[in-house]
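K.L.:
So that we are looking at the same thing, I have put the structure below in structure tokens.
Any read-out appearing in this document is the output of simple, stated calculations on the displayed coordinates, not a laboratory observation. If you're wondering where the values come from, they're calculated on a predicted model, not measured in any experiment. Neighbour counts are summed over all protein chains in view; Cβ atoms, including those assigned to glycine, are modelled from backbone coordinates with ideal geometry.
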Amino acid sequence: MPRPPKWRCVSFMPQITYFKPAGVPLRLLKEVCLSVEEAEAIRLKDLEGLEQEECAQRMHISRPTFHRVLGSARKKVAESLIYGKAIRIDGGNFEMATSRFRCDDAGHQGDVPLKQ
């Protein structure tokens with residue numbers, strides 16, 4: 001029996017989840033599916049410029065796992081750019097990151113999703 005997948009912590013949910021080459025009808029395109037955690041790995045490493053260790057800590061996974069997720073994401077993006085495929089961001093094994101809050105007036109505590 002395979003090991004169940006570990007949930008990855010994601011702090012940003014993309015508003016736009018579909019990208020396609022300009023001027024090509026959607027019905028003529030092949031599609032590559034990028035998981036939400038793969039998009040998060042690209043965001044943390046390539047956009048935010050964090051080191052892999054910091055990225056892995058933020059996603060609550062090991063550094064080797066982060067390396068595999070990032071490698072898979074980059075391969076899919078490269079395939080889309082080189083072969084003119086559409087990219088759909090969807091699915092994966094993830095949970096949204098939360099932030100702990102405490103109300104000083106009433107003393108209530110809880111978790112809220114991080115702002116997008």
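K.L.:
Count charges around N93 for me, please; just the other residues with Cβ under 9 Å from its Cβ, Lys/Arg as +1, Asp/Glu as -1.
P.N.:
Value of the local net charge: 0.
K.L.:
Between E79 and L47, 0.36 nm times their residue separation minus their Cα-Cα distance comes to what?
P.N.:
Extra length available between E79 and L47 comes to 9.6 nm.
K.L.:
Could you sort 15-26, 80-91, 59-70, 31-42 so that the peptide with the highest average Cβ count within 10 Å comes first and the rest follow in order?
P.N.:
In descending order of packing, they fall as 31-42, 59-70, 80-91, 15-26.
K.L.:
Could you check the simple spin-label distance between H67 and Q15, using points 7 Å along Cα→Cβ, in nm with one decimal?
P.N.:
3.6
K.L.:
Name the residues whose placed amide hydrogens come within less than 5 Å of the amide hydrogen of V32, ignoring near sequence neighbours (fewer than 5 apart) on the same chain.
P.N.:
Here the answer is A86, I87, R88, since their amide H atoms fall under 5 Å of that of V32.
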